[in-house]
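Notes to accompany the following structure.
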Amino acid sequence: MLNKIKEVLTEALNTDPELVVPEARLAEDLEIDSLAAVELALELEDTFGIEISDEQLAGLKTVQDILDLVAAAKK
């Protein structure tokens, strides 16, 4: 699943795939601002067929948080 999330992040944010690791912080390391976060959430919803609430989106701080959220939503 990390590879697919890495692909989504890389494409949505036009970022270096080498930077997309589980411990990467979204704001500090990947420079995701609030608008980019919303766009990313929409892309994740489309890609994985899940729904991400505003509260869940606000709680995403790292790539690992995204992995955990997607894994939980897919159960």
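Of (1) among the aliphatic types (A, V, I, L, M); (2) surrounded by fewer than 12 Cβ atoms within 10 Å (Cβ to Cβ); (3) in contact with a strand residue (DSSP E or B) (Cβ under 7 Å, 6 or more places away or on another chain), Ala24 satisfies all except one. Which? For Ala24, the exception is condition (2).
Say we look at the stretch 51-74 and pick out the residues that are assigned to a helix (DSSP H, G or I), touching a residue at least 12 places away in the same chain (Cβ under 8 Å) and farther than 15 Å from Met1 by Cβ; which of these is nearest to the chain's Cα centre (by Cα)? My answer is Leu57. For the stretch 55-70, a residue qualifies if it is open to solvent by 70 Å² or more (accessible area, probe 1.4 Å) and either among the β-branched types (Val, Ile, Thr) or over 13 Å from Arg25 (Cβ atoms) (or both), and the qualifying residues are Glu55, Gln56, Asp68. In this structure, does Leu30 turn out to be of a type outside the set (Gly, Ala, Ser), in contact (Cβ under 8 Å) with a residue 12 or more places away in the chain, open to solvent by less than 50 Å² (accessible area, probe 1.4 Å) and not in a helix (DSSP H, G or I)? Considered against the rule, which asks whether it is of a type outside the set (Gly, Ala, Ser), in contact (Cβ under 8 Å) with a residue 12 or more places away in the chain, open to solvent by less than 50 Å² (accessible area, probe 1.4 Å) and not in a helix (DSSP H, G or I), Leu30 comes out as yes.
The values are calculated or read from the model by the stated rules, or taken from the named source; none is laboratory data. This one's a predicted model, so the numbers in the text were calculated from it and none came from an experiment. Here Cβ is always computed from backbone atoms with ideal geometry, including for glycine, and neighbour counts include all displayed protein chains. Heavy atoms of the whole protein, side chains included, go into the accessibility calculation; ligands, DNA and RNA do not. Shrake-Rupley method; radii C 1.70, N 1.55, O 1.52, S 1.80 Å.
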